[in-house]
Amino acid sequence: MEGSCKGRRREPEGLQDGQSLEFEYNDADHMSAELSELYSYTEEPELTLNRRCFEERFRQGGEARWTSLALAQHKTIVMRLLDELEVVISEKRLSAARAILYLAQGVFGDCETESDVLRWSRYNCFLLYQMGTFAVFLELLNMEIANSQACSRALRKPALSLADSTELRVFLSVMYLLVENIRQEAPEDASGWNTQRETFRIELAFPSNGEEPFAHLLFTMVTKFCSGHSPHFPMKKVLLLLWKVLLFTLGGFSELQRMKEQKRADLSLPSLSEDSIQVMKNMKATTPPSYGIELGEQQKRGRRSRRDSLDLYNEKDPFKSDESTGAEEEENEDSENMMDAESDMQERELMSQPLSALRNNTEKICFPKGLPWAPKVRQTDIEDFLDMSRNKFIGFTLGHDTDTLVGLPRPIHESVKILKQHKYVSVADIQIKKEEELEKCPMSLGEEDVEETATECLFRAMLVNIPQYMIALLKILLAAAPTSKAKTDSINILADILPEEMPVTVLQSMKLGIDVNRHKEIIVKSVSALVVLLLKHFKLNHIYQFEYVSQHLVFANCIPLILKFFNQNIMSYICAKNSISILDFPSCVVHELPELTAESLESGDNNQFCWRNLFSCINLLRILNKLTKWKHSRTMMLVVFKSAPILKRALKVKQAMMQLYVLKLLKLQTKYLGRQWRKSNMKTISAIYQMVRHRMNDDWAYGNDIDARPWDFQAEECTLRGNIESFNNRRYEKNPNWEFSPVDNCLQSVMGQNLQLPEDFHCTYELWLEREVFSNPIQWEDLLQYS
């Protein structure tokens, strides 16, 4: 059913010929899209049920309308509903929860337009939070998570359906609407809403009475679901809520940039010269040749000699001199072609025109005005450059000394000056250096002063179970990936979407197939977004928190999983039409629904591409970059899993941000792919030069990295793991047997301790007294001095 439905979906006609995508990367999609993705199409009848549950209590003959009541009456109604949530009968509790959900959804029965629904939803969510609704629903959620009867019923059932997660879906929907509405600022917000927003954020991030952060509770739901103990949990809603809670409590990308600036200022580091996301928004997508074109070029090279191909190119290239190409020029041809900044389309036009026409049209050729990124240099790059120069000119090295340039020629002095001008010291470098000092001098430096941020609080709560959390997220991502085949032993992520009665008509089957595909896409979107947020915030908070999460993602096979995800027709995935716009919330509750037909189901929406799928792809590429950056062992995993052709196919998507992250991954492994690969992929290498940041002295295309010896790969990961364990033990382990734990010198407290003696101690008590007490002379004068 699902496969046949996917086959019917049509792609936008304009994207087949390399049209650029007008996509803006943000924390999330616009409000109506985020709200519509909370509900599946099979949940549509429940929207009417929510309205009926509300109207049964407070409507007499249609006279009362929520939108016409005053604030005091609104509060009275909400208090009555909250009182009903305290009753013992579960059916009445659920009915009252549905009535509150109807309020959070925007009392759509009283609204005529979609904007009215969104406006009233926002107003009602702030009112509900003010009346203490979130705390009540948190208690209900905890009760339902601990409901052993529901778990046992779900485990006994051969096939789960929408009805098995009814209560959880209602509770999670209310909490999601509260978080999503309150977290976003708007210019028309009422006075006091900003205060409520900050109070709510602190309540979620820093719980009182020693409780865990709300995000940690949702992580435990994810692991319970993946372990098979609670298969009825509605995972899509849990993951969407978890993502939005992290976005609210930790901060989005603009907040991350602000926090990074503040952190650098606190560490007396220079301010950032650019905002990465803003730079990427201003970049233009490149048009590297497709995989097939470059493969064809490679095959042609095999059929004709190198000299013939050079002669043919020189005949048609007006920018080359008429001098004969010698053997030395032949060897340097690749590096010359790499500096060619023309796009593939322009070069094809040049090759097809006669020489006279080319000379007349040279003024029309547009070259890039400049590179988008400022170059960066690490401290180790300067040290390696000086070590090599000193060995060459002097014959010995000076270790980490980068200031002494005696005996080196003038060009080396100039080179070092340029390198130092572009030197970049990251927050992570300072954190690693400080950690080394704390490990060396624990007594003299004392305890570390750790700032109690939302990220720190979350990491401390997650620390023990981070391996399980990462495995669970990747299991769900694998089950939702379109390239994954259904297996009997895999987790069932469709339990909260399948109806109790399966479809009987072709139209119903098509609708359910679209709903299932959309459901999986939303899960991929939420998982990829929340993992990116976790990695970025942990990296800013402390580099070893980031490395700990990263290592467990790598151990759980995150790298091959993402490569498997991209090993599909990625353009078809990004342009998929797995949505039915007339059934999306709030459109479906405001407008009268027309009769669904096969044509209306196939048509989908009118968008150029699917926002959530392109968002997911960029997030997965960002995760892959974060896991492999500066890690030679993980870069070799990209090479071993043959990621180059998979990533090259993803370059067909003409969106600058996505292309940039693909090119970064290709740049990492270029030097390991061999000369033949570079010869047949010169346009891809040119695109890397145009779009990716330059690292001075990084001979990424041809050099042999001295730090990348194969036998060092295992040692690299082991060293990193040791550093992480030392950090976790020092900061988070409360071990009484720690080497530097304080000693109790008080005689009264030492003598008053209750010691657990072995069971056979009474048998050897006299022997112990003789050996340890009577046989040892006691220096009473010395003892009395310390009493």
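Quick rundown of the values:
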item	result
Within the accessible area of region 520-609 (1.4 Å probe), percent carbon and sulfur	46
Order of exposure, largest accessible area first, which applies to M658, M31 with probe 1.4 Å	M31, M658
GluC sites (Glu not before Pro) lying in DSSP loop within region 437-534, provided at most 12 other Cβ fall within 10 Å	E447, E448, E451, E452, E500, E501
Per-residue SASA entry for Y732, accessible area with 1.4 Å probe, Å² rounded to 10	30
Cα gyration tensor shape for region 99-163, rounded if a/c is under 1.5, else prolate or oblate	oblate
Förster radius 30 Å - calculated FRET efficiency between R80 and R119 (Cβ-Cβ, nearest 0.05)	0.80
Under 21 Å from K237, Cα to Cα: lysines that are on another chain or at least 8 residues apart	K224, K475, K511, K520, K525
Residues of region 487-544: accessible area per residue with a 1.4 Å probe, Å²	35
GluC sites (Glu not before Pro) restricted to region 116-216 and DSSP loop, no more than 11 other C-beta within 10 Å	E185, E188
Per residue accessible area of region 566-625, 1.4 Å probe, in Å²	36
Residue (of S581, I562, Y548) at the positive-pole extreme of region 460-602, dipole from beta-carbon charges	Y548
Peptide ranges 577-585, 525-533 listed from the most packed, as the mean C-beta count within 10 angstrom indicates	525-533, 577-585
Gain in span if fully extended, A265 to K679, counting 0.36 nm per residue against the direct Cα distance	144.5 nm
Loop trypsin sites (Lys or Arg not before Pro), region 592-650 (other Cβ atoms within 10 Å of the site Cβ: 13 or fewer; DSSP)	K629, K642
For a label point 7 Å along the Cα-to-beta-carbon line of A428, residues of region 536-571 with backbone N under 18 Å	536-555, 558-559
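The values are calculated or read from the model by the stated rules, or taken from the named source; none is laboratory data. Computed from a predicted model, the values in this text were never measured in an experiment. Cβ: placed from backbone, ideal geometry, glycine included. Neighbour counts: every protein chain shown. SASA here: full protein model, heavy atoms, side chains in, ligands and nucleic acids out. Shrake-Rupley method; radii C 1.70, N 1.55, O 1.52, S 1.80 Å.
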